[in-house]
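First the structure, in the form of structure tokens, and then the observations on it.
The values are calculated or read from the model by the stated rules, or taken from the named source; none is laboratory data. Everything quoted here is computed from the prediction, not taken from an experiment. Methodologically, a virtual Cβ is constructed for each residue, glycine included, from the backbone with ideal geometry; neighbour enumeration extends over all protein chains shown. Remember, those area values only see protein heavy atoms, side chains included, never the ligands or the DNA or RNA. Shrake-Rupley method; radii C 1.70, N 1.55, O 1.52, S 1.80 Å.
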Amino acid sequence: MKMSKIYEGAYQWIMFGRDPNKPEKIIDTNQYVVRTAKRCLLLDPGGVELFAPMLAAVLHHAPVEEITDLFASHQDPDIISSLGLWDQALPHAKLHAPALWEGFLRHFGCETIEYVPIPDNGGIIQLDAVELRLIPAHYMHSSANFNVYDPEAKILMSGDIGAALEAPGAPMFVDDFDAHVEKMRYFHQRWMPSNQAKRVWIDRVRDLDIDILAPQHGRIFKGDDVKRFLDWFEALQVGIAV
């Protein structure tokens with residue numbers, strides 16, 4: 001599994017992905033970790049098939065007792081069906097996830113981890129001195145869905161928003177936005193159901209200072225490509241409008 005540090009200051013943001021050993025017909029996913037001096041937060045830690053390589057990768061950066069928190073943006077199996085295994089490995093951890101999806105996510109196994117429900121209007125994850133804002137992204141594409149915004153690092157972990165369907169081994173970062181568009185178009189038109197919800201989300205995130213937009217699938221957007229993505233997505237007809 002490839003690793004890339006996308007922010008390094010008093011703490012780190014680390015992206016894990018491009019697992020060459022994943023089953024062929026399982027979509028590739030990006031997993032993110034926020035590492036402070038004493039704690040570690042796993043963001044959308046992946047499907048059950050990814051648990052072993054993900055745990056091994058994270059242990060290079062933090063001992064197991066310092067992996068204190070997990071976050072699930074929504075209920076999809078590709079981001080959180082590994083929950084039952086994390087529940088066994090991290091019995092004292094907390095899972096921050098949408099309140100609406102608690103009854104569903106517990107089907108993946110949640111016996112000892114503390115479920116911390118996120119209300120519809122969002123909230124905060126406090127990781128030592130790092131304050132991460134949970135930004136509502138409802139119906140993008142899940143009916144209860146959240147992004148994670150770090151105002152210090154200027155990173156928005158955007159979940160499925162900005163996702164692209166890529167060939168194995170694709171680069172970590174967008175290097176040609178115009179060419180990248182065609183890898184995003186079908187995914188966004190088919191999986192994002194509502195132009196109205198899309199406009200609400202875009203208006204909300206345009207008010208944020210974002211240097212890096214980090215989606216759950218495909219490449220990461222940096223610098224001017226963040227605005228290019230927002231402009232492109234705003235003009236795209238999605239869901240039932242297509």
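Here are the numbers for this structure:
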| quantity | calculated |
| --- | --- |
| Given (1) in a loop (DSSP other than H, G, I, E, B); (2) surrounded by 20 or more Cβ atoms within 10 Å (Cβ to Cβ), index of the condition residue 226 fails | (1) |
| Filtered residues of the range 85-95 (kept if crowded, with 17+ Cβ neighbours inside 10 Å and either in contact with a helix residue (DSSP H, G or I) (Cβ under 6 Å, 6 or more places away or on another chain) or modelled with pLDDT under 95 (or both)) | 85 |
| Residue 235 being farther than 20 Å from residue 14 by Cβ and either open to solvent by less than 80 Å² (accessible area, probe 1.4 Å) or small (Gly, Ala, Ser) (or both) | yes |
| The range 1-36, residues that are without any contact (Cβ under 8 Å) to a residue 60 or more places away in the chain, surrounded by fewer than 20 Cβ atoms within 10 Å (Cβ to Cβ) and of a type in the set (S, T, N, Q) | 12, 21 |
| Matching residues, the range 147-206, being aliphatic (A, V, I, L, M), open to solvent by 20 Å² or more (accessible area, probe 1.4 Å) and touching a Leu at 6+ places or on another chain (Cβ under 7 Å) | none |
| Flag if residue 97 is part of a loop (DSSP other than H, G, I, E, B) and among the aliphatic types (A, V, I, L, M) | no |
| Residue identified as among the basic types (Lys, Arg), open to solvent by 30 Å² or more (accessible area, probe 1.4 Å) and in contact (Cβ under 8 Å) with a residue 40 or more places away in the chain among 39, 106 | 39 |
| Residue list for the range 52-70, filter: aliphatic (A, V, I, L, M) and open to solvent by 10 Å² or more (accessible area, probe 1.4 Å) | 52, 55, 56, 57, 59, 64 |
| Residue that is most open to solvent (accessible area, probe 1.4 Å) [pool: residues in the range 71-84 that are part of a helix (DSSP H, G or I) and out of contact with any strand residue (DSSP E or B) (no Cβ under 9 Å at 6 or more places or on another chain)] | 77 |
| Strands (runs of 3 or more DSSP E) wholly inside the range 103-212 that include at least 1 residues being of a type in the set (A, V, I, L, M) and in contact with a helix residue (DSSP H, G or I) (Cβ under 7 Å, 6 or more places away or on another chain) | 114-118, 130-136, 155-159 |
